[in-house]
Amino acid sequence: MSDRFETHEHDVLIIGAGGAGLRAAIEALAHGAKVGVVCKSLLGKAHTVMAEGGIAAAMANVDSADGWIPHFRDTMRGGKMLNNWRMAQLHAQESIDRVKELEQWGALFDRTSDGNILQRAFGGHTFKRLCHVGDRTGLEMIRTLQDRGVEMGVDVYMECTITKLLKDGDRIAGAFGYWREQGRFVQFKAKSVIICTGGIGKSWKITSNSWECTGDGMALAYDAGAELLDMEFVQFHPTGMVWPPGVQGILVTEAVRGEGGLLTNKLGERFMQKYDPKKMELSTRDVVARSIYTEVKEGRGSEHGGAFLDISHKPAEYVKQKLPSMYHQFKELADVDITKQPMEVGPTCHYMMGGIRVEAETAQTTVPGLFAAGEAAAGLHGANRLGGNSLSDLVVFGRRAGLAAAEHAKKVSAPNIDASEIERAEREMLAPFDQSAGESPYAVHRDLQDMMQSLVGIFRVEDDLKTALAELDKLKERATKVRVEGSRMFNPGWHLARDLQCMLTVSEAVTRSALARKESRGAHSRIDYPGLDEQWGKQNNITKREGETMMLKQVARPPLPDDLKKILDE
Amino acid sequence: MSEAVMQVFRGNREGGSPVEFRVPITPGMVVLDALHHIQGHQAPDLAVRWNCKAGKCGSCSAEVNGRPRLTCKTRMDALPTDQPITVNPMKTFPVIKDLVTDVSWNYEVNKKIPAFKPKAGTDWKMYQEDIDRVQEFRKCIECFLCQDVCHVLRDHDKKEFAGPRFMVRTAALEMHPLDSADRIPLVKKELGIGYCNITKCCTEVCPEEIHITDNAIIPLKERVVDEFYDPIAKLVRKITGAK
Amino acid sequence: MAELQIVGQQGFGATKRRDSWWIEILPVFIVLNSFGAYATFRAFEGKFYEWGPYLSPFYSPLIDAGHTWWKFSPALLILAGPLGFRATCYYYRKAYYRAFFLDPPACAVNDRGGHNYKGETSFPFILQNLHRYFFYLALIFLAFLWYDAVLSFRWDGHFGIGLGSLIMTVNVILLSLYSFSCHSWRHLIGGKLDCFSCSKSTQVRHGGWKAVSALNEKHMLFAWLSLFSVGLTDLYIRLVSCGAITDIKIL
């Protein structure tokens, strides 16, 4: 083992300090493991903080008819039956306790008049199911988990990026990365590693995601030989801001519609009537996003190419109390008073349903000792995620991953780290400094975003996807030659040069999977194959690395047990 | 297209100076957009912290034209264009590089505060009127602008004082209707609330509009008075046997 | 923390702020100084504090006006009450720490710095913790001032209204608003509770706390208005009393 670098040893190493990572850390600590959490930003800034609308759990505080069964059914139907049924079942059953647990750690959700946790309506949920704190539920959740983790004594490595997972034979051995601050390298030795790195939105131009969402975890796992699942399913949230340009893509919470917001086009028509007359504005996100996109494309969009979302028919005080950050966001960034005027909204790349393939019970990947949870993992949401199901996903499967990783660490011996692997990782990282010519990583990133936005967006077609693959080859070539200026000390250009590699890997997996799936299902809409295909409904796309090439294969979905089948047939 | 002149601090622990950049202005642009434009086209190694770009994560704190601000919520069209727009790192914390400062001290202070400790045997019923106060404090996004502007930390370098952020956190715990721990002695001693002279700059800079001074610090000061400086209240407590 | 000063804003009063920050403290400095000078003069003057049914708020309650045991101005006997209430007031503290002690002069403007700063942890400022006792005292003064205001409508045993009656009434209303918007009072009436809904009595106190909280948001406004009103009320009575002007009898 190389001692040239700062080294830290843990039973369980968690990459990512969002909701899933912190929940995993808490559980692993509770089971006696020595836990380290590595995160690219400061603690408490992870993308979870931006979750607004709420956390879905069938507590039946508002609608007494709710229970895990309807929640399970909604999740499966929302995911167009492509979900891992066992994950959907565990999620619906366990999310209730996970929310109660948050409350017991100090979270303060909005209340019903009889003193329970208040729940609100959301798209695709049959009952009022989202526990929330105004429109800042994610902040409440991350602060609660952060405080709990700190209290339990978790070691947090802030502003540290992992660039490579280390292996000892087939099993996981740790990770290698750099401190963003000083640019020094660091290695972690661990018996179990959990990937909780979140999403991939930064590969698209219009996105609600932060700079961190570059698909690191998926790319790391892929490089380490793990399988990626259903990468074609990228959720475009129907309502992102569209004007002014600087705020394009910033999320407008679904809670606006949950609280009664209406969508209209420039003719003043409530166009959802045409697309989903039953659920209207509270249809699933894939449907609403496509509807807005279609309205705009057919010339009925707003001035800046969006639809109007109006909540001004509700009392101003109510809007300010229930949607405070939306009120401020529009007032300060767009000069729009949402208590008086409609918002202009349009689709924005928001969430990755696909990701690392994991076992439902343990969250373990196909690599022994490597686990994944949260947005980085796949399975729960199938072809489309319901709003509110991601926060519950984080705590349900974060906990399961933390538990399984701690148990795994108890069973295995300390791994060995291969020094040559580390040297290669170091060389890869330093390469951009040796480029004398070459372009800025920002230029390559911009072109990647433009390309993915126009060719692998909401609506897809074979020719576009093939062009995208060709473009990706060119971008990969350019990315190997990017030049980094300045020193290793807190150098965003250098950091981007590395993140770019992850984005390219993930973008390729998305594009290849999208090309393969010749049907339209949930968030994946093919203009050339507009309908559901029965055969594709029975299989998942698996992406795996074979040598230096990306291989795609289809595997049959596990059959649904009869009791769950009965639930879904109802 | 009009242009803005940005004067951005560039440097590290050893030293540094303002550097001028010209940036095209687009409608609705914020200072963080301008910094990103500089990164993307002129200085790819310009160090800036940011995450959500929507005022929800509290990462992009800096001092714009001398005022502590979230750069993602500072509109360019709200700033005078007759002079360059200056962007400097938070003064209270040591510079790491450019606009990135070492805020690790805050995380150390945070560890001193005992976590939420629920009352034994509670049924977890809570009413909105009991938590409204606390929910205001829980809006805090930990941008540390209040810590930056607080003159006790900024000018006097008094680490004996935990700073406004941690008064807010402690107030949230102390006023939680189901919490059973007593942090008031801690507030007086280890967190040093007496150093605060309630000059309210923290409240002025808070991007979440938390009334830090009126709703968190002063109520905590009054609770400290209850326990330490009010002989009559003490006597009454003794006689009635109340807590 | 800020061991290394590299951003170039060293020294007292240094700032990168572009605006005229001293505008914030200049009026405070001028008004508090002027009021202080006038109040000192009036407190020592010891005359022209009564006229007809009017009594100056600087002299109320009026103690030993006949100088049987106190040979100085009777105002000096009571001055400490209202002065102490305002001096320890959470709002005025902000105002004078900024305007007089320049600690800090304004937000993000350097104060004198130095590690010797003690804030309110040691004498004399540790006495600020006694604010609630001055609040109790202020309530007694308020009772007298309300009594005076009512008496100002009694002209030789008959009801009447003079301009002074109205001035005294407005003054005592403003003083009441200032006193009952006090931060300490807000704490005592309900702020100290962790649970508002837990019993009947805490529910009532919650109502009180909400009302005081609403007033408290305007504490600064009431602090200034009542400062002006108390000074002007005294000035009016003095001018009438010394014959410089004549009171207008309305009814």
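No value in this document is a laboratory result; all are computed from the given coordinates. Since the structure is predicted, the reported quantities are computational estimates derived from the model, not experimental observations. Note: ideal-geometry Cβ built from the backbone for every residue, glycine included; neighbour counts use all protein chains shown.
Numerical summary
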item: The range B:41-55-the range B:202-222 distance, computed between alpha-carbon centres (Å); result: 29 Å
item: Mean ellipticity per residue at 222 nm, deg cm²/dmol - from DSSP H runs of n ≥ 4 across chain C, formula -39500 (n - 2.57); result: -16000 deg cm²/dmol
item: Cα gyration tensor shape of the range B:34-82, rounded if a/c is under 1.5, else prolate or oblate by comparing a/b with b/c; result: oblate
item: Between the range A:1-40 and the range A:294-371, the Cα center-to-center distance that results, in Å; result: 32 Å
item: Listed residues B:Asn197, B:Asn215, B:Asn88, most fluctuating in chain B (Gaussian network, C-alpha, under 10 Å); result: B:Asn197
item: Choice from C:His183, C:His206, C:His219 with maximal GNM fluctuation in chain C (Cα, 10 Å cutoff); result: C:His206
item: Packing-based order for B:124-132, A:22-30, A:290-298, using average beta carbon neighbours within 10 Å, highest first; result: A:22-30, A:290-298, B:124-132
item: Partner chain coverage, peptide B:209-221 - average Cβ within 10 angstrom; result: 3
item: Of C:Lys16/C:Lys218; A:Lys266/A:Lys297; B:Lys234/C:Lys192; B:Lys112/B:Lys159; A:Lys40/A:Lys411, those spanning more than 19 Å from alpha-carbon to alpha-carbon; result: C:Lys16/C:Lys218; A:Lys40/A:Lys411
item: Residue (of A:Met87, A:Val12, A:Gly225) at the positive-pole extreme of chain A, dipole from beta-carbon charges; result: A:Met87
item: Global geometry of the range A:387-440, whether rounded, prolate or oblate, following the gyration tensor of its Cα atoms and the 1.5 cut on a/c; result: oblate
item: The range A:375-414 and the range B:72-136: distance between their alpha carbon centers, rounded to Å; result: 29 Å
item: Overall dimensions of chain B by Cα: Rg and Dmax, Å; result: 21.1, 75
item: Residue mean of other protein chain beta carbons inside 10 Å, A:400-413; result: 0
item: Eligible lysines near C:Lys47 by straight Cα distance, threshold 26 Å, same-chain separation 8 or greater; result: C:Lys71, C:Lys249
item: Computed helical MRE - 222 nm, chain A, DSSP H runs ≥ 4 contributing -39500 (n - 2.57), nearest 500; result: -12000 deg cm²/dmol
item: Residues listed by number, the range B:99-125, amide nitrogen under 18 Å from B:Gln42 label point at 7 Å toward C-beta; result: B:99-100
item: Two-site label geometry, C:Phe41 and B:Arg22: point separation in nm, points 7 Å out along Cα→Cβ; result: 6.0 nm
item: Net +/- balance of residues flanking A:Pro559 in space, Cβ distance below 12 Å, scoring K and R +1, D and E -1; result: +3
item: Net charge, A:Lys538 excluded, C-beta distance under 15 Å - Lys, Arg +1, Asp, Glu -1; result: +3
item: Footprinting exposure proxy for C:Trp51, C:Trp209 (fewest neighbouring C-beta atoms within 10 Å first); result: C:Trp51, C:Trp209
item: The protein assembly as shown - share of DSSP beta bridges that are antiparallel (%, nearest 5); result: 75 percent
item: Efficiency of FRET from Cβ geometry, C:Ser197 and A:Lys320, R₀ 22 Å, rounded to 0.05; result: 0.40
item: Prolate/oblate/rounded call for the range A:237-344, Cα gyration tensor, a/c under 1.5 rounded; result: oblate
item: Rounded to 5, the percent of DSSP beta bridges in chain A classed as antiparallel; result: 65 percent
item: Axial C-alpha extent at least 18 Å, average Kyte-Doolittle at least 1.0 - helices from chain C (DSSP); result: C:26-45, C:131-151, C:163-180, C:219-241
item: Local electrostatic count at A:Lys340 - Lys and Arg +1, Asp and Glu -1, tallied over other residues with Cβ under 15 Å; result: -2
